[in-house]
Amino acid sequence: MQTKTIEVIDLPKILDKRGNLSIVEEFRNVPFKIERVYWIYDVPGGEVRGGHAYKKSEEFIIALSGSFDVILDDAVYVRKYTLNRSYYGIYVPEGIWRRMENFSTNSLALVLASTPYEPDDYIFDYEEFVKIKKESNDGI
Ligand code: TYD
């Protein structure tokens, strides 16, 4: 049984008149060990990132600046999450088709991942993704 679910997670927020501060710690705010951090920036208007699923990697996505939409598809439901604040993020378990779009000017997407980069972890073919999901019934 797949017990991991997509979740919007609020991060601690230290309000200060000198400027606010937020924190993310592995196993405390995100439910995995952080093996990799990458960020997406300078996205030209109208561009779409992602459009794939991971077999193993879990991710936590934060809009550090600006805003963008994360579209998540578990082969049954498709949901859109708009990220536009740096004090929360979205947890994406493995086995979810994901796409990021509608990036605002100067937006900055921070992605924490549970695995090192591994090209073989990607599923790029949507039909294959749906087939694998249906076969496994409840996850990859
Ligand atoms: P990709 O994951 O396809 O980006 P997106 O999902 O945002 O469209 O990665 C784009 C390119 O960057 C691809 O050539 C692989 C490379 N890349 C790495 O080398 N290491 C990484 O950790 C990531 C995420 C990508």
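The values are calculated or read from the model by the stated rules, or taken from the named source; none is laboratory data. It should be emphasised that the depicted structure is a prediction, and the values quoted were computed from it without experimental measurement. Neighbour counts are summed over all protein chains in view; Cβ atoms, including those assigned to glycine, are modelled from backbone coordinates with ideal geometry. Quick note on the areas: whole protein, heavy atoms, side chains included, nothing else; ligands and nucleic acids left out. Shrake-Rupley method; radii C 1.70, N 1.55, O 1.52, S 1.80 Å.
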Do you know which of the residues in region 112-124 that are in a loop (DSSP other than H, G, I, E, B) and in contact with a Ser or Thr (Cβ under 8 Å, 6 or more places away or on another chain) is surrounded by the fewest Cβ atoms within 10 Å (Cβ to Cβ)? Glu118
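Identify all residues within region 13-26 that are open to solvent by less than 60 Å² (accessible area, probe 1.4 Å), in contact (Cβ under 8 Å) with a residue 24 or more places away in the chain and assigned to a loop (DSSP other than H, G, I, E, B); write none if there are none.
Listed by number, the list holds a single entry, Val24.
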Name the pairs whose Cβ atoms lie under 8 Å apart, with the first residue in region 83-96 and without any contact (Cβ under 8 Å) to a residue 12 or more places away in the chain, the second open to solvent by 10 Å² or more (accessible area, probe 1.4 Å) and part of a loop (DSSP other than H, G, I, E, B), and 6 or more positions between them or separate chains? none
Glu35 fails exactly one of the following numbered conditions: (1) open to solvent by 50 Å² or more (accessible area, probe 1.4 Å); (2) farther than 23 Å from Glu94 by Cα; (3) in contact with a Ser or Thr (Cβ under 8 Å, 6 or more places away or on another chain). What is the number of that condition? (2)
For the condition open to solvent by 10 Å² or more (accessible area, probe 1.4 Å) and part of a loop (DSSP other than H, G, I, E, B), what is the one hit in Gly46, Gly95? Gly46
Selection status of Gly89, under 28 Å from Thr3 (Cβ atoms) and within 13 Å of the ligand (Cβ to nearest atom): no
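Here is a check on your reading of the model: is Ala109 part of a strand (DSSP E or B), under 26 Å from Ser136 (Cα atoms), at pLDDT 95 or above and within 13 Å of the ligand (Cβ to nearest atom)? Give the derivation first.
On the way: part of a strand (DSSP E or B): yes; under 26 Å from Ser136 (Cα atoms): no; at pLDDT 95 or above: yes; within 13 Å of the ligand (Cβ to nearest atom): yes.
No, not satisfied.
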For region 27-40, name all the residues that are within 11 Å of the ligand (Cβ to nearest atom) and either in contact with a Pro (Cβ under 9 Å, 6 or more places away or on another chain) or part of a loop (DSSP other than H, G, I, E, B) (or both). Glu35, Arg36
Spot the failing condition for Asn102; the list is (1) open to solvent by 80 Å² or more (accessible area, probe 1.4 Å); (2) touching an Asp or Glu at 6+ places or on another chain (Cβ under 8 Å); (3) of a type outside the set (Asp, Glu); (4) closer than 21 Å to Lys133 by Cβ, and only one is missed. (4)
Based on this model, can you work out whether Ile61 counts as touching a Leu at 6+ places or on another chain (Cβ under 7 Å) and within 11 Å of the ligand (Cβ to nearest atom)? yes
Only residues that are open to solvent by less than 30 Å² (accessible area, probe 1.4 Å) and either more than 11 Å from the chain's Cα centre (by Cα) or farther than 19 Å from Lys131 by Cβ (or both): list them for region 63-92, please. Ala63, Phe68, Asp69, Val70, Ile71, Asp73, Ala75, Leu83, Gly89, Ile90, Tyr91, Val92
